[in-house]
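Worksheet: one structure, shown below.
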Amino acid sequence: MSMDDPVQEAGELESPDRRRSLASPPSPILVSALDDIARRFEAIVESSDDAIISKALDGTITSWNPAAERLFGYTADEIVGKPISILMPAERYDDMESILGRIRRGERVDHYETVRVSKTGRKISVSLSVSPVKDASGRIVGAAKIARDISGRKEAEVERERLLREAQQGVQLRDIFLSVAGHELRTPLNALKLQLYNLEQRLTALPERGMVEKAQKEVDRLAALANRLLDVARLAAGGFSMAPASMDLVELVREVAARMQEDAANAGSPIRISAPVAVVGTWDRDGLDQVVTNLLSNAIKFGRGQPIDVMVETRSDLGGVRVRDRGIGVAPADRERIFERFERGVSDRSFAGLGLGLWIARQIVSAHGGRLGVEIPDEPGAEFFFWLPTN
Amino acid sequence: MRVLVIDDDAPSVDALRVMLESAGHRVDCAGNGREGLSRLREANGYCVILLDVMMPVMNGYEFREEQLKDPKLALIPVIVVTADGRAREKAKQIGSDVFFQKPLAPRELLRAIGRYCPPESPA
């Protein structure tokens, strides 16, 4: 190959030599114009960032630009005249036949992603575009091939897929871990609680029964703490996963209140429910059970032995619950802080807790697209509320 | 009439057996779903099944599927008892309305069992 014949080198496009041989001597203007085109063409090929290679129909390489040298490591002198198969990894030989077959039929191959091999044996991911090259009579005499190095892109794709896979595995592992941790924490508590009950049933002396009863309460506290911590881990790691279904908020509130009636009565804070109509929506029942349980247990805990009023209401497309206690109340400065993780309205040791309940409740209500907050009434006490869209 | 407890946690099963027997119930126990099916097929007269969910060999879901396939067993009611969390959702998947989250509340559980099985001896 000679560098002073760039047009032929770069693809045996319409060869000026061939033209000259077919026609009467061309005019100097035409020769000058063709030279001009050839120079421009040469400049493009030489400066291209993509490897531009031409080959004959038998696969012999006929031209090789500087980008091809950079990509594959062979100089033009080394490789022109050699078969194109030199660039093929053994497992891609079929590629070559299929590409050459299409070229012989006059077809183009566009952005074909494959692998080629460099002089040093390194495999390179490339995108190939191959066009047939015809002579002046329209006969296909070879092919011009543009090869773009897509190793970087391929590596990035592989890396992205790897990261995605890792992230998915991480989420899956986290869920499995939380589920197993919950199971493993609750299982021994279960045996402990049942055996304490069995023991309590066998004891006749009152003081001993009282001790066992207290031990049972501690088991419940441990179970509640385990549940809280697992909830927080789950919420902090990836949000609240919901299983929404049609349900009546009034029914739920009555169920939770019935469950807590004994604690409420012991604290001297009877729960009074006002729920004039059913409040039906599509919500996660377990999640809302936790929210209502939290608001009621706070009202009992901080209610100073005064009655607790629970109002279940509906307005336009919202369903809501208000829990009004007459206890120690919430200081205006603490109004938002109490919904933060590990924050508590009172630091007093006489009120146990991790400071997680309201944070969890707010996460659950937010996951429903609702709002949970507190009003500070003029009278003593607090009024916690939440509103949920009904659909 | 007997209560069948299917649970792989031996300490829980021991405690449940004592609790149920003290309340006047006759109790059989199985350590996984497959053993549970064997018990059910060996003898008649089960009034309720207390079914754990996460168990080796055959878990609660698989057990329930097999139970429902067998017309002789399909009608025995199931109370789901699970330590997994989201008990309601799991019970629903299993096809039972009655469920308890571990640690179990003894009095409530006894009441629920009593709805299917009257105690045979005075508690």
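Which residues of the stretch A:173-202 bury at least 50 Å² of accessible area once all protein chains are present, versus their chain alone (1.4 Å probe)?
Flagged in the stretch A:173-202: A:His183, A:Arg186, A:Thr187, A:Asn190, A:Lys193, A:Leu194, A:Tyr197, A:Asn198.
Only Cα pairs within less than 10 Å get springs; with that Gaussian network setup on chain A, which residue of A:Asp248, A:Asp36, A:Asp289 has the largest fluctuation?
Taking springs between Cα atoms under 10 Å, the residue moving most is A:Asp36.
In square nanometres, what is the average projected area of the Cα convex hull of the stretch A:250-295?
Over every viewing direction, the Cα hull of the stretch A:250-295 projects on average to 3.3 nm².
What are the ³J(HN,Hα) couplings of the stretch A:298-303, residue after residue, when phi is run through the Karplus curve with 6.51, -1.76, 1.60 and θ = phi - 60°? Round to Hz, x for glycine and proline.
The phi angles translate into 4, 5, 5, 5, 9, x Hz.
How large is the dipole of the stretch A:255-391 about the Cα centre if only Lys and Arg carry +1 and Asp and Glu carry -1, each at its Cβ, rounded to the nearest 20 debye?
Using Cβ point charges on Lys, Arg, Asp and Glu, the stretch A:255-391 gives about 160 debye.
Quote the relative contact order of the stretch B:2-114 in percent (integer), defining contacts as alpha-carbon pairs under 8 Å separated by 6+ residues.
Working: 177 pairs, mean separation 25.4, N = 113.
It comes to 23 percent, rounded to a whole number.
For the stretch B:92-123, which residues drop by 30 square angstrom or more in accessible area between the chain on its own and all protein chains together (1.4 Å probe)?
By number: B:Lys102, B:Pro103, B:Leu104, B:Pro106, B:Arg107.
With label points built 7 Å along Cα→Cβ from the Cα atoms of B:Glu42 and B:Lys69, find their separation and express it in nm.
Those two pseudo-labels are separated by 2.2 nm.
Per residue, what accessible area does chain B have, given a 1.4 Å probe and all protein chains present, in Å²?
With the other protein chains kept in place, chain B gives 45 Å² per residue.
Give the accessible surface of the stretch A:147-208 per residue, rounded to a whole number of Å², with probe radius 1.4 Å and ligands, DNA and RNA excluded. Could the numbers behind the result be given before it?
Details: 4090 Å² over 62 residues.
Result: 66 Å² of accessible area for each residue.
How high is the FRET efficiency between A:Arg174 and A:Ala224 when r is their beta carbon distance and R₀ equals 25 Å, given to the nearest 0.05?
0.70
Quick check for me: using +1 on Lys/Arg Cβ and -1 on Asp/Glu Cβ, what's the dipole size of the protein assembly as shown about its Cα centre, in debye to the nearest 20?
940
How big is the A-B contact in terms of buried accessible area, both chains counted, 1.4 Å probe, rounded to the nearest 100 Å²?
Chains A and B together bury approximately 2200 Å².
Please list 3J(HN,Hα) in residue order for the stretch B:48-58, calculated via the Karplus relation 6.51 cos²θ - 1.76 cosθ + 1.60 where θ = phi - 60°; whole Hz, with x for glycine and proline.
Each residue of the stretch B:48-58 in turn: 7, 10, 8, 10, 6, 9, 8, 9, x, 6, 9 Hz.
Which shape class applies to the stretch A:128-193: rounded if a/c is under 1.5, otherwise prolate when a/b exceeds b/c and oblate if not, where a ≥ b ≥ c are the square roots of the Cα gyration tensor eigenvalues? Walk me through the numbers on the way to the answer.
On the way: a/c = 14.93, a/b = 6.36, b/c = 2.35.
The shape class here is prolate.
Compare the Cα positions of A:Ile150, B:Gly95, B:Leu75 along the charge dipole of the protein assembly as shown (+1 at Cβ of Lys, Arg; -1 at Cβ of Asp, Glu; about the Cα centre) and return the one farthest towards the positive end.
The Cα lying farthest towards the positive end belongs to B:Leu75.
Averaging sequence separations of C-alpha pairs under 8 Å and six or more residues apart, then dividing by the length of chain A, give the relative contact order as a whole percent.
After rounding, I find 10 percent.
Summing -39500 (n - 2.57) over the DSSP H runs of n ≥ 4 in chain A and dividing by its residue number, what mean residue ellipticity at 222 nm do you reach, to the nearest 500 deg cm²/dmol?
-16000 deg cm²/dmol
Between A:Gly373, A:Gly327, A:Gly73, which gets the highest mean-square fluctuation from a Gaussian network model of chain A, Cα cutoff 10 Å?
A:Gly73
Taking the alpha-carbon distance from A:Lys134 and a cut-off under 26 Å, which lysines remain once sequence neighbours fewer than 8 residues away in the same chain are dropped?
Counting by Cα, and skipping residues close in sequence, A:Lys134 has these lysines nearby: A:Lys55, A:Lys82, A:Lys145.
Classify chain B as rounded, prolate or oblate from the Cα gyration tensor: take a ≥ b ≥ c as the square roots of its eigenvalues, call it rounded if a/c is under 1.5, otherwise prolate when a/b beats b/c and oblate if not.
Details: a/c = 1.43, a/b = 1.15, b/c = 1.25.
It comes out rounded by the Cα gyration axes.
Suppose we keep just the DSSP beta bridges with both residues in the protein assembly as shown; what percent of those would be antiparallel, to 5?
70
Give me the percent of accessible area attributable to carbon and sulfur for chain A, probe 1.4 angstrom.
54
Can you tell me the dipole magnitude for the stretch B:2-114 around its Cα centre, using point charges on the Cβ only (Lys, Arg +1; Asp, Glu -1), in Debye to the nearest 20?
Charge dipole of the stretch B:2-114: 340 debye, to the nearest 20.
Over 28 Å between C-alpha atoms is what I'm after, so list which of A:Lys217/B:Lys90; A:Lys214/B:Lys92; A:Lys193/B:Lys90; B:Lys72/B:Lys92; A:Lys301/B:Lys92; A:Lys301/B:Lys90 land there.
Check vs 28 Å cut-off fails for A:Lys214/B:Lys92; A:Lys301/B:Lys92; A:Lys301/B:Lys90.
Could you pull the Cα extents of chain A along its three principal axes, largest to smallest, in whole Å?
For chain A, the Cα extents along the three principal axes come out at 123, 49, 36 Å.
Within the stretch B:8-57, which trypsin sites (Lys or Arg not before Pro) sit in a loop by DSSP and count at most 13 neighbouring Cβ atoms inside 10 Å?
Within the stretch B:8-57, no trypsin sites (Lys or Arg not before Pro) qualify (loop, at most 13 other Cβ atoms within 10 Å).
The values are calculated or read from the model by the stated rules, or taken from the named source; none is laboratory data. What you see is a predicted model; the values in this text were computed from it and never measured. Cβ sites come from the backbone with ideal geometry, for glycine too, and all protein chains shown count toward neighbours. Areas reflect the complete protein model, heavy atoms only, side chains present, ligands, DNA and RNA absent. Shrake-Rupley method; radii C 1.70, N 1.55, O 1.52, S 1.80 Å.
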